[in-house]
Amino acid sequence: MAESWSFLDGFETNFRPLVVIELAKDTKKETLEWFTNRIVDKKANGGAQLLVKPLIMENKDENIYLVGASHLRLLLGAEAVGLVKECNDNSMRTFTYSSRKTFKDFADDNHSFLTMAECQYIIKHELENLRATDEKMIPGYPQAKLYPGKSIVRRLLTSGILVQIFPLHDREELKKLRHSWYGRVKVGYQPLDEIRCYFGETIALYFGFLEYFTFALIPMAVIGIPYYVFAWEDYDKYVMFATFNLLWSTVILEVWKRICAIMTYRWGTLLMKRQFEEPRPGFHGVLGINPVTGRKEPLYSSIKRQIRIYLVSLPFVCLCLYFSLYVMMIYFDLEQWALDYHEENGSNFSSLMLFVPSIVYAVVIEIMNRIYRCAAEFLTSWENHRLESSYQNHLILKVLVFNFLNCFASLFYIAFVLFDMKLLRQSLATLLITSQILNQFAESLLPYWLQKRHKKRMKKHTCSLKTDTDLSLVEQVSLEKEMGTYSGTFDDYLELFLQFGYVSLFSCVYPLAAVFAVLNNITEIYSDALKMCRVYKRPFAEPTANIGVWQLAFETMSVISVVTNCILIGMSPQVNALFPDSKMDLILTVALAE
């Protein structure tokens, strides 16, 4: 491969902008020249050997650059990041430039061999691997220290010099994708391969899981409707539905593993080797030598991190869990007050008041979840994890534990302490429906409305531009750089996780839970698609082989669901009648069933 880089020295190409770099308005000229020179410099000299072009904006103070690469440079980059492509014999192999002719659809003049998302991922990889050689600091900023091996882009980000890096949308491809994805209401599968080509595997897998989960809910919904209609007031006739529920919650996750493996093998990420993980941008410590890589990088004592986790983060999480339980007891006091009020008055108004405590509690739960999420992000960042994967795992654990208790503690209390199936049905229905409405508004409708307002202002602003630069490109960059940044699939998976909990844990007493979940997910598919295409900047593609730690989270919820449904079955009058003399036999039978 080393020999291949020399071919790039005299290689000319038409410039195709793929990535936008925005630096701070007051960035010094020497810094701009140094950074752009490092981007275009040869690989042998420590550069990225990419193409850079400044974008002339109306505001002359803005420092915006467009980054692209030649076709040959992208092919060599594909080998460097280990992309897996399909060969002529239909096998999947890691791409190498020397054996490029053996790969399906490859031709020297076929610039679509690599998808635009893959090209942007390659450029991001090359920019992030721009490293300091003999520089001691960023030119013009003595306080921004550098050392050999330090990522230049990460230092620019932490120093506030680099504002953002984001991939450009391809407006023609986006228009086609919007039309096939959500442009018309239809009953059918999503264009997951097209989504993967445009947004990458991580986002395509999320939409694939959302689609699969929605279809998996349909049998529950189909069974739930007649079950709900014909056994509306008989809360004890849930044994058969609970039995189906516990089998369903286990089977669908095992089937998903198979479907996920099929998709990621076809996309080439199942066989893709994991890249060596660099320290996350927020990681700090004393400069030292990494014993694995031999490079200089910040080092931070794991003992100090453990002290922060167990002596600060853990007590804080426990305090938040206690507060959540305290709020739950206030909710039960309100429920009792509403019940007493209804018994005293017996009016239509008092009947409506019975639902008020549950609705208020559902809103409070959503508010607490969002406040706690901010606190959890701050704490996890303060713990100073070296790797992004470690940071994400600790954050997910904190959020899942609190969200589980906050959302489901009241349902467990009603089911196994109060033994009130009527109140359990009412609470489950109110919590599920209210949370779905709030999430749709907060995550889709509100951002879309704000983006529409911003787009109108920006169009008026850019219409007055007088420049030789392509106006459509200037307008596109102006619009996209002000769009919100997509924060990843965390919140989307969390919403599905909680929905899975509502359906799998207690839907046997409220069979319509699956029906509302299906309706919500259908609108979620369209609203999330709209959000990805119209509201947020285009995210960089991230190759992945599965849904990661969320698979374990869903499997854990499935185990809890099996235990919960078995206990509910054991509590039912029908099963209790089979063990009239010995409750111990009943308990042992339930344990054996689990």
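The values are calculated or read from the model by the stated rules, or taken from the named source; none is laboratory data. Computed from a predicted structure; not experimentally measured. Positions of Cβ are backbone-derived with ideal geometry, glycine not excepted, and every protein chain shown enters the neighbour counts. Protein only, heavy atoms only, side chains kept; ligands, DNA and RNA dropped before computing areas. Shrake-Rupley method; radii C 1.70, N 1.55, O 1.52, S 1.80 Å.
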Straight-line reach check, residue 257, cutoff 12 Å on alpha carbons, 8 or more apart in-chain or any other chain, hits among aspartates and glutamates -> 555
Residues whose modelled amide H sits under 5 Å from the amide H of residue 144, counting only those 5 or more places away in sequence or on another chain, are 138
The helix 583-593 Cα axis meets the longest alpha-carbon principal axis of the chain at an angle in degrees, between 0 and 90 and rounded to 10, of 30
Any aspartates and glutamates whose Cα falls less than 12 Å from that of residue 85, other than same-chain ones fewer than 8 residues away, would be 105, 118
Contour minus Cα-Cα span, residue 581 to residue 348, at 0.36 nm per residue, comes to 79.4 nm
Here, trypsin sites (Lys or Arg not before Pro) of region 175-209 satisfying both criteria (DSSP loop; at most 12 other Cβ within 10 Å) are 184, 186
Taking N as the residue count of the chain, its alpha carbon Rg divided by 2.2 N^0.38 Å gives 1.11
Among GluC sites (Glu not before Pro) in region 259-358, those in a DSSP loop whose Cβ has at most 11 other Cβ atoms within 10 Å are 277
Residue-normalised 222 nm signal for the chain, counting each DSSP H run of n ≥ 4 as -39,500 (n - 2.57), nearest 500 deg cm²/dmol, is -19000 deg cm²/dmol
Between the Cα axis of helix 388-413 and the main Cα principal axis of the chain, the angle (0 to 90°, nearest 10) is 20
Computed for the chain: size of charge dipole around the Cα centre, +1 on C-beta of each Lys and Arg, -1 on C-beta of each Asp and Glu, debye to nearest 20, value 1840
In terms of the alpha carbon gyration tensor, root eigenvalues a ≥ b ≥ c, rounded if a/c is under 1.5 and otherwise prolate when a/b exceeds b/c or oblate, region 19-168 is prolate
Yeah, region 85-127 with a ≥ b ≥ c from its alpha-carbon gyration tensor (a/c under 1.5 is rounded, else prolate when a/b outruns b/c, oblate otherwise) is prolate
Filtering chymotrypsin sites (Phe, Trp or Tyr not before Pro) in region 104-196 by DSSP loop and by at most 10 other Cβ atoms within 10 Å leaves 189
In the structure shown, of 25/124; 273/304; 28/150; 104/537, the pairs separated by more than 25 angstrom at the C-alpha atoms are 273/304; 104/537
Taking 0.36 nm per residue of separation between residue 325 and residue 301 and subtracting their Cα-Cα distance, the length gained on full extension comes to 5.1 nm
The extension gain from residue 251 to residue 111, computed as 0.36 nm times the residue separation minus the Cα-Cα distance, is 46.1 nm
With all protein chains present, the chain has a carbon and sulfur share of its accessible area (1.4 Å probe) in percent of 62
For residue 289 and residue 359, extending 7 Å from Cα along the Cα-Cβ vector and measuring point to point gives, in nm, a value of 6.8
Relative to the chain, whose Cα atoms define the longest principal axis, helix 171-181 and its Cα axis are tilted in degrees, nearest 10, by 20
